[in-house]
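Structure first, commentary second.
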There are 4 protein chains.
Amino acid sequence: MTSAVFKILYRVSWVDTDAAQVMHFSNYLRLFERAEEEFYRSLGFSFTELKDSELWLPRVEAFCQYKKPARFNDLLEIELRIEELRQKSVKYGFRIINKKKEELLALGYMTMVAADKRREKAIPIPEQIMEKLRSFANNP
Amino acid sequence: MTSAVFKILYRVSWVDTDAAQVMHFSNYLRLFERAEEEFYRSLGFSFTELKDSELWLPRVEAFCQYKKPARFNDLLEIELRIEELRQKSVKYGFRIINKKKEELLALGYMTMVAADKRREKAIPIPEQIMEKLRSFANNP
Amino acid sequence: MTSAVFKILYRVSWVDTDAAQVMHFSNYLRLFERAEEEFYRSLGFSFTELKDSELWLPRVEAFCQYKKPARFNDLLEIELRIEELRQKSVKYGFRIINKKKEELLALGYMTMVAADKRREKAIPIPEQIMEKLRSFANNP
Amino acid sequence: MTSAVFKILYRVSWVDTDAAQVMHFSNYLRLFERAEEEFYRSLGFSFTELKDSELWLPRVEAFCQYKKPARFNDLLEIELRIEELRQKSVKYGFRIINKKKEELLALGYMTMVAADKRREKAIPIPEQIMEKLRSFANNP
């Protein structure tokens with residue numbers, strides 16, 4: 001799949017670090033999600049509507065490989081790509097880059113399914129969203 | 001008010017620390033809340049029922065004074081007291097102690113109001129809860 | 001004191017929320033700190049140098065009053081003012097505003113002292129920093 | 001590898017949840033780490049000494065698969081196993097279980113390398129630690 005790339009910037013805050021003076025490893029997943037949030041916003045897709053609807057997008061898998069540490073005050077670029085798009089699920093690939101040094105710090109992925117919130121059951125991704133994801137995924 | 005004291009223990013985790021190699025200052029408030037959660041459990045009062053009801057207990061004020069740092073792996077004792085009990089609100093006082101060194105690390109308070117979740121309006125604390133809080137507050 | 005005002009914007013992320021579907025109350029303090037970090041950056045003052053030096057800026061007090069909840073995706077504006085400037089300490093005042101609704105959500109303060117990291121003892125704020133803080137504090 | 005199993009209990013706190021009223025997906029990794037911390041403590045191995053030494057145990061990979069959500073107040077059991085033990089690295093496998101319902105909520109792994117903190121270079125796991133890990137890994 002030759003997906004387009006969506007990018008956001010993030011400045012590492014003091015609270016993101018741990019006693020090894022690097023960003024805590026769990027926070028990379030939080031940045032993946034932050035990129036995903038901005039990605040939906042860029043598509044004109046509002047989570048706010050989501051909340052009130054029965055649609056829920058739980059994660060089913062998350063993975064991160066750590067190459068080099070991020071430190072306090074580092075400016076990071078988070079890249080999001082669509083790696084796989086199925087009827088009921090989407091797999092996003094991520095790369096986190098130290099913007100100043102132009103170094104790859106981490107890469108990973110998250111897989112989401114569309115689900116009915118009440119019944120906690122997988123459902124097809126709604127067509128209005130799917131259409132936008134498909135267009136992004138096929139538009140390198 | 002000569003309140004009884006409720007206590008919990010908490011071990012500082014790596015993720016609680018920051019690059020100064022001490023527990024991040026915001027996490028003290030999270031420990032206040034953790035003590036509050038266990039306090040309600042000790043009273044036989046279930047938040048789970050709360051969630052489904054219209055009752056909501058938002059914080060209106062939180063304060064913390066920091067005396068000495070907590071570090072990774074420190075065993076902390078969090079003490080909870082009732083400092084003020086009103087018809088629609090309760091103010092809890094907290095102390096955080098390094099258990100091994102028997103040193104006071106921090107003290108503070110949080111004030112909660114009872115609220116109707118839908119109307120976002122203050123309401124009297126339900127009598128079944130109030131009774132237990134009153135008993136605790138007056139039983140040194 | 002008629003301090004100047006420093007402002008940053010922050011978008012509430014999913015991870016910032018809790019099961020009441022509002023931003024968790026401890027995260028307001030984290031936003032206070034984030035504003036402080038950007039404030040130092042705006043003054044050309046680098047925390048990176050800080051880390052390697054013996055200077056440490058621990059918090060001694062933090063306070064927050066909650067007016068209205070912040071929700072997922074809300075765009076917040078965090079305002080920072082200098083409320084008190086002493087030889088060894090500085091007290092910042094904060095206001096958090098829902099940018100779209102122009103509503104005050106929370107206000108509070110944090111007090112920091114300058115300290116010698118190794119000896120864990122208060123020291124005068126270094127003159128190069130003090131000068132900039134003084135100029136900001138007196139420049140409404 | 002037929003590793004022994006190490007277990008800890010953890011009660012889901014309010015702050016661990018998000019607006020979907022389930023534990024945020026990033027917090028599973030934090031629980032993996034919490035189990036690892038207690039595991040080292042059970043082996044009589046102190047991170048405190050670690051901090052002052054040149055030894056550092058950065059994560060190189062983390063993975064989690066989510067089966068069912070954890071909710072506020074749920075009592076979780078986190079199981080740790082050694083899945084792979086090499087000269088310079090160790091891979092821990094984890095399972096998170098809802099203790100009351102005896103349901104598997106999530107499983108995953110983390111791989112750590114031993115590293116020299118200053119040179120940021122992989123080194124052999126010190127023999128005093130390796131010995132204990134080997135004994136645990138081979139003692140089902």
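Remarks
- Being surrounded by 13 or more Cβ atoms within 10 Å (Cβ to Cβ) and at pLDDT below 90 holds for only one residue in C:K132, C:K68, C:K51, and it is C:K51.
- Residues (in contact with a Pro (Cβ under 7 Å, 6 or more places away or on another chain) and outside any strand (DSSP E or B)) located in the stretch C:109-140: C:A114
- Test: residue in the stretch D:85-108 that is assigned to a helix (DSSP H, G or I), within 13 Å of chain A (Cβ to nearest Cβ) and at negative phi: no
- Checklist (1) touching a residue at least 12 places away in the same chain (Cβ under 8 Å); (2) not in a helix (DSSP H, G or I) applied to C:A19, failing item: (1)
- Residue match in the stretch B:83-91 (condition: within 27 Å of C:L31 (Cβ to Cβ) and at pLDDT below 95): no
- Being over 26 Å from C:T17 (Cα atoms), of a type in the set (D, E, K, R) and within 13 Å of another protein chain (Cβ to nearest Cβ) is a property that does not hold for B:D16.
- Residue within the stretch A:14-24 that is surrounded by fewer than 18 Cβ atoms within 10 Å (Cβ to Cβ) and either more than 11 Å from the chain's Cα centre (by Cα) or not acidic (D, E) (or both) present: yes
- Here A:L43 passes the criteria (1) of a type in the set (A, V, I, L, M, F, W, C); (2) touching a Gly at 6+ places or on another chain (Cβ under 6 Å); (3) within 20 Å of C:F72 (Cβ to Cβ) except the one numbered (2).
- Here is the figure for the stretch C:51-77: residues that are within 14 Å of chain B (Cβ to nearest Cβ) and assigned to a strand (DSSP E or B) total 10.
- Residues in the stretch C:121-140 that are within 14 Å of chain B (Cβ to nearest Cβ) and free of Cβ contacts under 8 Å to residues at least 24 places away in the same chain: C:K121 only.
- Every listed requirement among (1) away from chain D (no Cβ under 14 Å); (2) at pLDDT below 95; (3) closer than 20 Å to B:E61 by Cβ is met by C:F32 save one, (2).
- Pairs where the first residue, in the stretch A:79-99, is surrounded by fewer than 17 Cβ atoms within 10 Å (Cβ to Cβ) and the second is not in a strand (DSSP E or B) and not β-branched (V, I, T), C-beta under 6 Å, 6+ apart: A:Q87/A:P124; A:K88/A:A114; A:K88/A:P124
- Count - residues of the stretch B:1-13 that are surrounded by fewer than 20 Cβ atoms within 10 Å (Cβ to Cβ), away from chain A (no Cβ under 14 Å) and farther than 25 Å from B:S135 by Cα: 1
The values are calculated or read from the model by the stated rules, or taken from the named source; none is laboratory data. Here the structure is a predicted model, which is why all the values come from computation and not from measurement. In this analysis, Cβ positions are derived from the backbone assuming ideal geometry, glycine residues included, and neighbour counts consider all displayed protein chains.
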